[in-house]
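Just so you know, all these numbers are worked out from the coordinates, no wet-lab data involved. Keep in mind it's a predicted model, so treat the numbers as computed, not measured. Every residue, glycine among them, receives a Cβ derived from its backbone with ideal geometry; neighbour counts consider all protein chains shown.
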Amino acid sequence: MKLRAILQTFFAALAWGASDTQPGATAVLDDSCRDAPLSLVQSRASSRGKGASQQAGPKPWEKHYYFVGTHHKSGSQLLRDVMTHAFDTLGAPSSCHWNPTGTSAITAADHDHVCSDRLDIPIQWDNGARIGNFAMARKAASFRQLPIRGAHAIRKPKDMLVSAYCYHHRGEEYGHYAGAPWPEIMFMGPLEGFMALWPAMMQNIQTMVDVYTNTSADEMFHVRFEEVTKSSEGFDDVVQRLFHFLFAPTVPESGLSRLWQAAKVEDLNVNPTYNNTISENGHSNDKDCMQAAQESLLELDPRWLQQLKDMQEQLGYSIENWPDPVTS
């Protein structure tokens, strides 16, 4: 009830402020992008978005709220960039992010807003997704009598831990990722590295499990890293189903195909010389490191291993052949 009262006051204030400046508007948006650097995918897609925004008919964000949630080493860069291609190609006018200190964005246009301050913005990005944030977005959507659709990145927990070690061991996000000891992580072997990363990664994985287990199939599409990266056919299948879930029937089949073609650049199985932001930003790990680290994983405390196994099952993965081969 308290949240509903806050939402009522919030939306009423926005409507009152907009009525003084532009009749029929529902909110006045700050169009400043001065502090958030555009990613490669955003700058490529922005020109497409300008043309798409002129198309006739209702826009998807006028029919739904959207929530894109990821977690460290769950395939976050991949899902973020796939969705940025989609929103920018559709001409999305704005978005917000749940991390008040974050600089990443889900649209090229007008993306500096913090979602907790701007619940009226229907395209929301949560890098480090929490079920409480999704609940707030769901409540805001309900208040406006709109359904919510989400895209959520998930991955096998043991692979996330292995990936985090290899990623930070080679110095990626040096000094920026608070869950790793810097520079010590760069000189640690896999087992010592796992133990150093364990507290932060387990918190990270638990938030992923919380979102997975507390959302319904009609409001959230879970993008499994293993499925979207295993082959080009797998990428195409997952991305096409994702876009259909999020945008159909507001966006017709021809439009959905256009979104898929725009996002195809992020397929990790394409020709290595074909530019995509995953390869250009160093997010892919060396397969030898991943394999060696997985072998060391079995030396962890059996109770920790059981925790990883239990979480894998909670996320809907099979544990029949656990620990199965790592996906890099």
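Can you put L191, L308, L197 in order, fewest other beta carbons within 10 Å first?
Numbers: L191 15, L308 22, L197 26.
Listing L191, L308, L197 from fewest to most nearby Cβ atoms yields L191, L308, L197.
Quick check: net charge around R80, other residues with Cβ under 11 Å of its Cβ, Lys/Arg +1 and Asp/Glu -1? Taking every other residue near R80 into account, the sum is -3.
Compactness ratio of the stretch 61-208: Cα Rg over 2.2 N^0.38 Å, N = residue count?
Details: Rg = 16.6 Å, N = 148, 2.2 N^0.38 = 14.7 Å.
My calculation over the Cα atoms of the stretch 61-208 gives 1.13.
Projected label points at E192 and D286, each 7 Å from Cα along the beta carbon direction, are separated by 1.8 nanometres.
Once the other residues with Cβ under 14 Å from the Cβ of G171 are scored (Lys, Arg +1; Asp, Glu -1), what is the net sum?
Working: positive: R170; negative: E172, E173, E184, D286.
So the environment of G171 carries a net charge of -3.
Note on the stretch 173-232: dipole from Cβ charges, positive end direction compared against S232, H222, A200; the farthest Cα belongs to S232.
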